[in-house]
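*Asks:* What follows is a single structure, and I will ask about it in a moment.
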Amino acid sequence: MQTNGTKELIFSAAIYSGISILGPLIFFGLIGWWLDSKIGSGHFSLLIGIFVAFIITNFLIIQRAIFLTKKFNRLAGEKVPEQKNINNYDDEADLWPNEIKDKDNII
């Protein structure tokens, strides 16, 4: 069951995602379109504006995803898990459940 805080976070994430995609696209797209009309460069400036908007949008969404992940973990009462070094094969036994480690107990 979702709490009000979780519902508000999901709603705000959806609104932020829409604004962070459309805002830069409209802003830089219009600047590119205006530059194209002034210098007569075809659609080159428009494409550059869309590309810049794409870069900025990705940056904004990644930042927001990191923020929301931390916020959801705080709401759930969990500490952010530390990543395990998967390149260290000395601790291979820790990667398998107890049922699989026990060779006499075949499932």
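The values are calculated or read from the model by the stated rules, or taken from the named source; none is laboratory data. Quick caveat: nothing in here was measured; it's all calculated off a predicted structure. When we count neighbours, we look across all protein chains shown, and the Cβ atoms used for this are built from the backbone with ideal geometry, even at glycine.
*Asks:* Can you tell me how many residues within the stretch 4-55 are touching a Leu at 6+ places or on another chain (Cβ under 7 Å) and under 30 Å from Lys71 (Cβ atoms)?
*Replies:* Of the residues in that region, 6 qualify.
*Asks:* If you don't mind, another one. Provide a single number: the residues in the stretch 16-41 that are within 21 Å of the chain's Cα centre (by Cα) and modelled with pLDDT under 90.
*Replies:* 6
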